[in-house]
């Protein structure tokens, strides 16, 4: 998926754009569209599998992100069987397992808050974080309990160096020992396979929204679709 032109001078400086957005009007309807790379966000399923506290660690992380008087109420509930870290089970398959549901009277406002709160986290994707597009915050969320704080600081600093060509290039530059290199290869990638589009529509009477997710290598269209 093409996320738009990149200035040639900055073409090899990370992070590259992970989303594009636009707004426009059609008659009385106002459209807000956000297209994003889901593999550039911290994957809650990966965090749950990698942390001994599982869903409790996810709840603490999401509460941190959603904190504030106007934030969403957090209610984390992993899918049955999600506690077995030796099996590849998608424990979180939608935001209904992470946040309290929308009030019937204002689903559009809920969706707007949800879109903004989840810019750095996802329930979908390959499970590895695209280091070329992820925000520093997403990198911290994925790596902070998996590598030392010193190594995490080094990763964040070196990732902004010009001239990097991929994950292997970054790891070579960091001159890591074998265990740390294997850990980061397990957590990170330089490719993406899952993308999302948020479409919010506002009329004079109401607001509604759709979230669609699809595999970038598939021609079958949206694989998951949520509406409010």
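Observations
- Rounded to the nearest 10 degrees, the inclination of helix 107-117 to the longest alpha-carbon principal axis of the chain is 10 degrees.
- Look at where the Cα atoms of segment 164-220 and of segment 97-145 average out, and the two centres are 12 Å apart.
- Beta bridge orientation in the chain: antiparallel %, DSSP, nearest 5: 90 percent
- For the chain, the longest principal axis of the C-alpha atoms and the axis of helix 55-66 are separated by about 70°.
- Between helix 178-187 and the chain there is an angle of about 10 degrees, using the helix long axis and the longest principal axis of the Cα atoms.
- With helices as the sole contributors, the chain gives -8500 deg cm²/dmol at 222 nm; each DSSP H run of n ≥ 4 counts as -39500 (n - 2.57), and the sum is divided by every residue.
- Sorting the segments 124-135, 21-32 by their residues' average number of neighbouring beta-carbon atoms within 10 angstrom, most packed first, yields 124-135, 21-32.
- Potential extension, residue 161-residue 199 segment - 0.36 nm per residue separation minus Cα distance: 10.2 nm
- For segment 164-228, the antiparallel share of DSSP beta bridges with both residues in that region comes to about 100%.
- Average Cα contact separation per residue, segment 75-194, under 8 Å, 6 or more apart, as relative contact order %: 25 percent
Quick note: the coordinates plus some simple rules give every number you see, no bench work behind them. Not measured: the values here are computed from a predicted model. Here Cβ is always computed from backbone atoms with ideal geometry, including for glycine, and neighbour counts include all displayed protein chains.
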